[in-house]
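See structure below.
The values are calculated or read from the model by the stated rules, or taken from the named source; none is laboratory data. Because the structure is predicted, anything quoted here is derived from the model rather than measured. Cβ placement follows ideal geometry from the backbone for every residue including glycine, while neighbour counts extend to all protein chains displayed.
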Amino acid sequence: MSAIDIDVTLAGPRSDSRPTIVNDFSIVAATVNGSGSQTANNVLIRAIFKMGIPVSGKNLFPSNIQGLPTWYTIRVSKDGYTARREGTEILVAFNPRTADEDLAALPTGGACFYPDDMKFVQMRDDISFYPLPVKELVKQSGVDAKLRDYIANMVYVGALAETLSIDMREIYAALERHFRGKKRAIDLNYGVVVAAADWIRTNLGKTDPFVMKPMDKTSGQILIDGNTAGALGALCGGVSVVAWYPITPATSLADALTDYAPVLRADAANGTTTYAIVQAEDELAAAGMVVGAGWAGARAMTSTSGPGLSLMNEFVGLAYFAEVPAVIWDVMRMGPSTGLPTRVSQGDVLTAYTMGHGDTHHICLLPGTMQECFEFGYRAFDLAERLQTPVMVLSDLDLGMNNWMTTPFEYPEASLDRGKVLTAEQLSELKTWGRYKDVDGDGIAYRTLPGNPHPRSAYLSRGTGHNEYAVYSERSSDWQQNLDRLTRKHNTARALVPQPIVQQVAEAGIGIIAYGSTDPAIEEARDRLLAQGISTSYLRIRALPLGEVVREFVKAHKRVYVVEMNQDGQMHQLIQLHIPESAASVVSIRLCDGLPLTARFVTGQIVAQEEAV
């Protein structure tokens, strides 16, 4: 029987004995890219969040502007879990191309909302069906014909709101926020929402067990994506030059800087701005601008992803050896080559850590929360200037482009750390000064900035061989001395970068090491493992280079599982190199399928490994 033939009175089975499922399920909206579904999905997730219910959203969209299938998954979790789940109970089937496959994936007892003129190849008798008169409701709204495809998604917003008991007041508030007070757009969209809710209530009623009830678990929190959080952090950290080139999934970080800089970095006294944001002709040019601005004393940054990072390689190598501060946000995505721009991966770890020419090792910050995206946004500049070197911030698509709950950010109270910068007065007190001379034994030399009036302040920033006075040299001793000093500086950085967060369980013989956006899946997996009698400690790496905390953690456990989203276990390799004496006890768990990690995968892998021991 086709979908269109189903009598609405037979919308789906519902036994009075079936228990109600409250605030613990997932919704997937399967739509067409470019159809305006993102507005509908954002309205839903914000309304749920404002009801006090922990919620998270994952956007799976194609690498094109318009036309291909897209899925948006909303996870509602009374326990506060935010990792992706491998299954969803509620389907919004608004894309005929994927409808049959999406329907087949629904578990028994699930619910399916779909346009009443869409036909499935094969129906099911173990789920609830909600056929919706989408075209008729949109037509009744009076919207212009060219906008009908966009407003059609509000039909499923209204249907879900009615069926799941989502607060309509919060739906309206979310529309107000999205359309920024444009009353006509708000009323038009809300009118379709209300019409759909009324139609469901009058014609179908509820036949599924899923419901939302208000909670108080989001009080004092906000919803934000990691790219916006990073941009706000950079602005609080004094960024004054941004050079970038568009690339998914990093473009929205530069967009956020463009949006917020006029508000947060304007000189109201004389009507001028205190920043420059430049879209370069390519990533190579962007990196060159950032290095040039960093040399001149500006706090400069760029945002990119793996392919763009590759093009920046030469300038990054120059900045490393000439010792010029720079900040590069790498919002990682799937590779190799140009890969899958809209899929998540942690595949740039080794590239970012060692990029350049010859022996280079970079500072890499690895945020795992919205708070850390914000914090590392400003701390990256302090580290870059203190260590006089490029600093990479390795975020990823899941962190950068999806909505996450977090407490509001606090403005950093500490003053900017410019590092070892000599003034003219300080130079006058020195008998000699060498730009690349290690005075303090920490590998970090003293520098001057352009504009210093002292006659001895000038030097040549060299990417070629040089001695400690910045004089060109091909002497073997000068070269070795410089490399030894850079190694000392890198070792100094081990104590300056953000240290790992450790959750040590005294009786646990098993340890888990992870980083970045895998954190929610690890936290949930640890609960699942504990329920199966497996107690685990957890260390989350927040920066490279690795330090003694990692060494101590590994040695404290008989086995340590390193969980990451790349094909070769790149962090696993770095840990084994860092602790060669304990390499055999460090086991790699890795997945690189382009999707955010799930607790089910992590749990299954560790249980299988432990059973095999």
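Tell me the residue from L232, L264, L257 that is modelled with pLDDT of 95 or more and either surrounded by fewer than 16 Cβ atoms within 10 Å (Cβ to Cβ) or closer than 22 Å to I45 by Cβ (or both), please.
L232
Within the range 473-486, which residues are more than 17 Å from V324 (Cβ to Cβ) and either among the aromatic types (F, W, Y) or not in a loop (DSSP other than H, G, I, E, B) (or both)?
Selection gives S476, S477, D478, W479, Q480, Q481, L483, D484.
Scan the range 583-612 for residues that are in contact (Cβ under 8 Å) with a residue 24 or more places away in the chain and either under 13 Å from V560 (Cβ atoms) or in a strand (DSSP E or B) (or both) and jot them down.
S585, V586, V587, S588, I589, R590, T598, I606, Q609, E610
Under the condition of being more than 28 Å from T492 (Cβ to Cβ) and of a type in the set (A, V, I, L, M, F, W, C), which residue from the range 400-433 is farthest from the chain's Cα centre (by Cα)?
The qualifying residue farthest from the chain's Cα centre (by Cα) is F409.
Considering (1) farther than 19 Å from Q499 by Cβ; (2) touching a Leu at 6+ places or on another chain (Cβ under 6 Å); (3) not hydrophobic (A, V, I, L, M, F, W, C), say which one Y353 fails and leave the rest.
Condition not satisfied by Y353: (1).
List the number of the failed condition for G238; all other conditions in (1) under 28 Å from E323 (Cα atoms); (2) in contact with a strand residue (DSSP E or B) (Cβ under 9 Å, 6 or more places away or on another chain); (3) in contact (Cβ under 8 Å) with a residue 12 or more places away in the chain hold.
Here G238 meets the rest and fails (2).
Does A229 count as more than 24 Å from S310 (Cβ to Cβ), touching a residue at least 24 places away in the same chain (Cβ under 8 Å) and not in a helix (DSSP H, G or I)?
no
For P336, state whether it is more than 11 Å from W244 (Cα to Cα) and outside any helix (DSSP H, G or I).
Taking the combined requirement at face value, the residue satisfies it.
Quick grid of which residues meet (1) on the phi > 0 side of the Ramachandran plot; (2) buried (at least 24 other Cβ atoms within 10 Å of the Cβ); (3) not aromatic (F, W, Y):
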{"position": "V331", "(1), (2), (3)": "no, yes, yes"}
{"position": "G339", "(1), (2), (3)": "yes, no, yes"}
{"position": "V344", "(1), (2), (3)": "no, yes, yes"}
{"position": "L350", "(1), (2), (3)": "no, no, yes"}
{"position": "D359", "(1), (2), (3)": "no, no, yes"}
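So, in the range 487-530, exactly how many residues are β-branched (V, I, T) and part of a helix (DSSP H, G or I)?
4
Take the residues in the range 443-472 that are free of Cβ contacts under 8 Å to residues at least 60 places away in the same chain and not in a loop (DSSP other than H, G, I, E, B), then tell me which one is nearest to G356 (Cα to Cα).
Looking only at the range 443-472, we keep the residues that are free of Cβ contacts under 8 Å to residues at least 60 places away in the same chain, and these are 443-444, 446, 448, 452-460, 464-472.
Narrowing further to those that are not in a loop (DSSP other than H, G, I, E, B): 466, 472.
Values: H466: 17, Y472: 20 Å.
If we take residues in the range 443-472 being free of Cβ contacts under 8 Å to residues at least 60 places away in the same chain and not in a loop (DSSP other than H, G, I, E, B), then H466 is nearest to G356 (Cα to Cα).
Could you list, in sequence order, all residues of the range 232-262 that are under 19 Å from T274 (Cβ atoms), touching a helix residue (DSSP H, G or I) at 6+ places or on another chain (Cβ under 7 Å) and in a helix (DSSP H, G or I)?
L232, G233, A234, L235, C236, A256, L257, Y260, A261
Looking at G34 and the list (1) on the phi < 0 side of the Ramachandran plot; (2) out of contact with any strand residue (DSSP E or B) (no Cβ under 7 Å at 6 or more places or on another chain); (3) in a loop (DSSP other than H, G, I, E, B), which single condition is not satisfied?
(1)
Quick one: in the range 86-105, which of the residues that are touching a residue at least 60 places away in the same chain (Cβ under 8 Å) and part of a helix (DSSP H, G or I) is farthest from R333 (Cα to Cα)?
A99
Of everything in the range 61-78 that's of a type in the set (A, V, I, L, M) and closer than 27 Å to K146 by Cβ, which residue is farthest from the chain's Cα centre (by Cα)? Spell out how you get there, then give the answer.
The initial filter retains those residues of the range 61-78 that are of a type in the set (A, V, I, L, M), namely 65, 68, 74, 76.
Within this subset, residues satisfying the condition of being closer than 27 Å to K146 by Cβ are 65, 68.
Details: I65: 21, L68: 23 Å.
So the residue we want is L68.
Can you give me the ranges of the helices (runs of 4 or more DSSP H) entirely in the range 131-197 with at least 3 residues that are surrounded by 18 or more Cβ atoms within 10 Å (Cβ to Cβ) and touching a residue at least 60 places away in the same chain (Cβ under 8 Å)?
Hits in the range 131-197: 153-164, 168-179.
Among the residues of the range 361-399, how many are more than 18 Å from the chain's Cα centre (by Cα) and in a strand (DSSP E or B)?
The qualifying residues number 2.
Given (1) closer than 16 Å to G516 by Cβ; (2) in contact with a Lys or Arg (Cβ under 7 Å, 6 or more places away or on another chain), where does G547 come up short, assuming only one miss?
Among (1) closer than 16 Å to G516 by Cβ; (2) in contact with a Lys or Arg (Cβ under 7 Å, 6 or more places away or on another chain), the lone unmet condition for G547 is (1).
Which of the residues that make up the range 299-315 are buried (at least 20 other Cβ atoms within 10 Å of the Cβ) and more than 22 Å from the chain's Cα centre (by Cα)?
Answer for the range 299-315, where residues must be buried (at least 20 other Cβ atoms within 10 Å of the Cβ) and more than 22 Å from the chain's Cα centre (by Cα): R299, F315.
Within the range 150-181, take every residue that is more than 23 Å from V134 (Cβ to Cβ) and out of contact with any helix residue (DSSP H, G or I) (no Cβ under 9 Å at 6 or more places or on another chain) and give me the one that is modelled with the highest pLDDT.
Of everything passing the filter in the range 150-181, R180 is modelled with the highest pLDDT.
Collect the residues in the range 409-427 that are in contact (Cβ under 8 Å) with a residue 12 or more places away in the chain and surrounded by 11 or more Cβ atoms within 10 Å (Cβ to Cβ), keeping them in residue-number order.
Result: F409, P412, L416, D417, R418, G419, K420, V421, L422, T423, A424, L427.
Residue check: is D216 surrounded by 18 or more Cβ atoms within 10 Å (Cβ to Cβ) and of a type in the set (D, E, K, R)?
No: the conditions fail for D216.
Inspect all residues belonging to the range 219-226 and state whether any of them is out of contact with any His (no Cβ under 6 Å at 6 or more places or on another chain), of a type outside the set (D, E, K, R), without any contact (Cβ under 8 Å) to a residue 60 or more places away in the chain and in a helix (DSSP H, G or I).
For the range 219-226, residues out of contact with any His (no Cβ under 6 Å at 6 or more places or on another chain), of a type outside the set (D, E, K, R), without any contact (Cβ under 8 Å) to a residue 60 or more places away in the chain and in a helix (DSSP H, G or I): absent.
Can you tell me how many residues within the range 59-85 are crowded, with 18+ Cβ neighbours inside 10 Å, of a type in the set (A, V, I, L, M, F, W, C) and not in a strand (DSSP E or B)?
2
Consider the range 541-565. How many of its residues are within 15 Å of A352 (Cα to Cα) and either buried (at least 21 other Cβ atoms within 10 Å of the Cβ) or in contact with a Pro (Cβ under 8 Å, 6 or more places away or on another chain) (or both)?
3
Can you name the residue in the range 198-208 that is assigned to a helix (DSSP H, G or I) and of a type outside the set (F, W, Y) and is also surrounded by the most Cβ atoms within 10 Å (Cβ to Cβ) among such residues? Talk me through it step by step, then tell me what you get.
Here is the first cut: in the range 198-208, the ones assigned to a helix (DSSP H, G or I) are 198-203.
Adding the requirement that they be of a type outside the set (F, W, Y) leaves 198, 200-203.
Details: D198: 13, I200: 22, R201: 14, T202: 8, N203: 14.
Of everything passing the filter in the range 198-208, I200 is surrounded by the most Cβ atoms within 10 Å (Cβ to Cβ).
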